[in-house]
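Asks: Got a structure here, written out as structure tokens. Questions coming.
The values are calculated or read from the model by the stated rules, or taken from the named source; none is laboratory data. Here the structure is a predicted model, which means the values were calculated and not measured. As a convention, Cβ positions derive from the backbone with ideal geometry for all residues, glycine included, and neighbour counts pool all protein chains shown.
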Amino acid sequence: MTRADERVDRVSRRQVDKFAERRRELAEAAIQTLSELGYARTSLREIAQNSAFSHGVLHYYFADKIELITYCVRQYKTQCVLRYDEIVTSARTADGLAHGFADALVATLREDAYLHRLWYDMRSQALFEESFRADVLELDAGLEQMIWRIVTRHAELSGAPLTVTSPEAYAMFDGLFQYALLRHLTGAPTALTDLHARALRMLPLTLCRPEGSAS
């Protein structure tokens, strides 16, 4: 590669990095409106009215609200996966992992309930909007793998075999979390404490019980 080619390559990389950074900024500005109103009641124009960016700028960086919503949810869920993976790598006992997992579920529900609501809205829309499906399936697969890393590490630390498959484990904890989210959003005072207690009870249920143990 010549020096001229190297300069062109550096300029191209800077342009790509600048474009990606701008998309992140716009997504951060838009996500509050998206998470409060949901898919059906939000348009790029309405998002622009609730941010410092014009409709034209939003439309330049995102083709439509589907692309914007997908980008926002993907960014947030990627951060979630990293948070739970830290619990897996740092846990030294089964009990410590279980409590770290339950604590993380409660923290993310308390702090980011509207973002999780946006994810479930997007996943529901995928039943009707084909344009959502590939991204939703990919994100769902990543979350399933995250839960599987939790339960398999818990099994290793417990010294007991698992009695569930990866899809079953994901369905268990996703259902538990979605139920708690609905209760929390509707003002149930025990939604968070119930989620914590139920996660601690559910994780051992993924393991094979020793013979003679209580059911």
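Asks: Of the residues that sit in the stretch 62-92 and are of a type in the set (A, V, I, L, M, F, W, C) and under 13 Å from L105 (Cα atoms), which one is modelled with the lowest pLDDT?
Replies: Filtering the stretch 62-92 down to residues of a type in the set (A, V, I, L, M, F, W, C) leaves 62-63, 66, 68-69, 72-73, 80-82, 87-88, 91.
Restricting the remaining residues to those that are under 13 Å from L105 (Cα atoms) gives 80-81, 87.
Details: C80: 85, V81: 88, I87: 95.
Looking at residues that are of a type in the set (A, V, I, L, M, F, W, C) and under 13 Å from L105 (Cα atoms), I get C80.
Asks: Moving on to the next point. For the stretch 31-95, which fully contained helices (runs of 4 or more DSSP H) count at least 1 residues that are of a type in the set (D, E, K, R), at negative phi and without any contact (Cβ under 8 Å) to a residue 60 or more places away in the chain? Steps first, answer last, please.
Replies: Details: elements: 44-49, 55-61, 65-90.
Counting at least 1 such residues, we get 44-49, 65-90.
Asks: Out of all the residues in the stretch 121-150, which are in contact (Cβ under 8 Å) with a residue 60 or more places away in the chain, crowded, with 16+ Cβ neighbours inside 10 Å, under 24 Å from D64 (Cα atoms) and not acidic (D, E)?
Replies: Answer for the stretch 121-150, where residues must be in contact (Cβ under 8 Å) with a residue 60 or more places away in the chain, crowded, with 16+ Cβ neighbours inside 10 Å, under 24 Å from D64 (Cα atoms) and not acidic (D, E): M122, Q125, F132, L139.
Asks: Going by what's in this entry, would E21 be described as farther than 20 Å from D121 by Cβ and acidic (D, E)? Write out each step before concluding.
Replies: Details: farther than 20 Å from D121 by Cβ: yes; acidic (D, E): yes.
When the stated conditions are applied, E21 passes them.
Asks: Looking at A171, A107, A141 in this structure, which one is assigned to a helix (DSSP H, G or I), within 15 Å of the chain's Cα centre (by Cα), within 14 Å of K77 (Cβ to Cβ) and small (G, A, S)? Give the derivation first.
Replies: Values: A171 fails: within 14 Å of K77 (Cβ to Cβ); A107 fails: within 14 Å of K77 (Cβ to Cβ).
Just one listed residue meets the conditions, A141.
Asks: Could you give me the residue pairs with C-beta distances under 7 Å whose first residue belongs to the stretch 153-167 and is of a type in the set (S, T, N, Q), whose second residue is part of a helix (DSSP H, G or I) wherever it lies, and which are 6+ apart or on separate chains?
Replies: Listed pairs, sorted by first residue: S158/A94; T163/T206; S166/E144; S166/W148.
Asks: Take the residues of the stretch 178-212 that are polar (S, T, N, Q) and either out of contact with any helix residue (DSSP H, G or I) (no Cβ under 8 Å at 6 or more places or on another chain) or exposed (fewer than 14 other Cβ atoms within 10 Å of the Cβ) (or both): which is nearest to S124 (Cα to Cα)? Lay out the reasoning, then the answer.
Replies: Restricting attention to the stretch 178-212, the residues satisfying the condition of being polar (S, T, N, Q) are 178, 186, 190, 193, 206.
Pick out the ones that are also either out of contact with any helix residue (DSSP H, G or I) (no Cβ under 8 Å at 6 or more places or on another chain) or exposed (fewer than 14 other Cβ atoms within 10 Å of the Cβ) (or both) and you get 186, 190, 193.
Numbers: T186: 19, T190: 26, T193: 27 Å.
It comes out as T186.
Asks: Let me ask another. Identify, by number, the condition in (1) part of a helix (DSSP H, G or I); (2) at pLDDT below 95; (3) more than 23 Å from the chain's Cα centre (by Cα) that A155 doesn't meet.
Replies: Every condition holds for A155 apart from (2).
Asks: Within the stretch 71-100, how many residues turn out to be within 14 Å of R24 (Cβ to Cβ), surrounded by 14 or more Cβ atoms within 10 Å (Cβ to Cβ) and not aliphatic (A, V, I, L, M)? Explain how you work it out, then say what you get.
Replies: So in the stretch 71-100, the residues within 14 Å of R24 (Cβ to Cβ) come out as 71-76, 78-79.
If we keep only those that are surrounded by 14 or more Cβ atoms within 10 Å (Cβ to Cβ) as well, we get 71-76.
From what is left, the residues that are not aliphatic (A, V, I, L, M) are 71-72, 74-76.
So the answer is 5.
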